[in-house]
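Novice: Input: one structure, supplied below.
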Amino acid sequence: MTAEEAVGRLASGMTVGIGGWGSRRKPMALVRALLRSDVTDLTVVSCGGPDVGLLAASGRIRRLVAPFVTLDSVPLEPHFTAARQRGAFELTELDEAMFLWGLTAGGQRLPFLPVRAGLGSDVMTVNPGLRTVRSPYGDGEELVAVPALRLDAALVHLNRADRHGNGQYLGPDPYFDDLFCEAADAAYVSCERIVDTAELLAAHGPQTLLVGRAFVTGVVEAPHGAHFTSCAPDYDRDEAFQRAYAAAARDPGAWRAFSERFLSGGERGYRAAVAAYGEREAEE
């Protein structure tokens, strides 16, 4: 599929999970395609980074479910910070372990999973809808009943995939990309390169096969599709571009100019503008 075809399957009001972690291996080409659509009023489930920032800046989020939102080397995502300060959307903030098990419950089609995470913390205070359950066995331990995070759709980015939907990661961490796909009714995987199925196994082995075709609806070949976040080992985070993004996000006038330059066209226009920006930075 193309990114536009994948996003064309989404609709306003959906719950959409976005893979990656902070400013690492985010499906940014799919997010940019989403920005060019008329889809809005979303519940976004994400270990948030610039995906959340861009969707917040464009007013697409109704509710966010996240353990954090960060650019990693820039601790606070500025668009997210500004949106939260003005109360632009509802936030469900979960402990990372609760987020993990919520996705796991969603993937296994369970209503919830019991965890210890969150007990004795203000996670329970800021989420008054959370409930506890007591173990039915002799220990009688009280545990948090983390509700399943069920998704209408998931967007993830991987290093390689085949045309059938088998997806491979080559970096240091799977993040939760497989869980996002399993918890979703439809999952769209963008990748740096589509290869033959045999090539997925030849160089790196079966342990790198993160996403199975049974859980994937469509595959999008999107070289540098995670930019400006990292997609190790294919490329690192574009720190200079990220700093420019963060600086522009803090000033309305600068953000209008940034959006016009980098986000007003399609993906080809984005890549050309980024290349021109990189050449100018190198000259300076």
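Novice: Collect the residues in segment 14-47 that are under 21 Å from F176 (Cα atoms) and hydroxyl-bearing (S, T, Y), keeping them in residue-number order.
Specialist: T15, S23, T43, S46
Novice: While we're on this one: All but one of (1) assigned to a helix (DSSP H, G or I); (2) exposed (fewer than 15 other Cβ atoms within 10 Å of the Cβ) hold for S264; state the number of the condition that does not hold.
Specialist: It is condition (1) that S264 fails.
Novice: If a residue has to be at pLDDT 95 or above and either among the aliphatic types (A, V, I, L, M) or buried (at least 24 other Cβ atoms within 10 Å of the Cβ) (or both) to count, how many in segment 181-208 make the cut?
Specialist: Matching residues across segment 181-208 total 11.
Novice: Go through A244, A257, A249 for me and flag whichever is in contact with a Pro (Cβ under 7 Å, 6 or more places away or on another chain), at pLDDT 95 or above and not assigned by TED's automatic domain parsing to the domain that holds R193. So that I can check it myself, show each step before the final result.
Specialist: Working: A244 fails: in contact with a Pro (Cβ under 7 Å, 6 or more places away or on another chain); A257 fails: in contact with a Pro (Cβ under 7 Å, 6 or more places away or on another chain).
Just a single option satisfies the conditions, and that option is A249.
Novice: Taking segment 151-161 on its own, how many of its residues are surrounded by 19 or more Cβ atoms within 10 Å (Cβ to Cβ) and either of a type outside the set (A, V, I, L, M, F, W, C) or free of Cβ contacts under 8 Å to residues at least 12 places away in the same chain (or both)? Reasoning before the result, please.
Specialist: The initial filter retains those residues of segment 151-161 that are surrounded by 19 or more Cβ atoms within 10 Å (Cβ to Cβ), namely 151, 153-161.
Of the ones still in play, those that are also either of a type outside the set (A, V, I, L, M, F, W, C) or free of Cβ contacts under 8 Å to residues at least 12 places away in the same chain (or both) are 157, 159-160.
Qualifying residue count for the region: 3.
Novice: Any chance you could count how many residues in segment 45-77 are closer than 17 Å to F228 by Cα, charged (D, E, K, R) and part of a loop (DSSP other than H, G, I, E, B)?
Specialist: 2
Novice: Please determine whether any residue of segment 99-107 is within 30 Å of S58 (Cβ to Cβ), of a type outside the set (V, I, T), out of contact with any Leu (no Cβ under 7 Å at 6 or more places or on another chain) and assigned to a helix (DSSP H, G or I).
Specialist: Yes, that holds for at least one residue.
Novice: Show the residue pairs that are 6+ apart or on different chains and have beta-carbon atoms under 7 Å apart, the first residue being within segment 217-240 and in a helix (DSSP H, G or I) and surrounded by fewer than 21 Cβ atoms within 10 Å (Cβ to Cβ), the second being at pLDDT 95 or above and among the basic types (K, R).
Specialist: Every condition considered, no pair remains.
The values are calculated or read from the model by the stated rules, or taken from the named source; none is laboratory data. Here the structure is a predicted model, which is why all the values come from computation and not from measurement. Neighbour counts run over all protein chains shown; Cβ positions are idealised from the backbone, glycine included.
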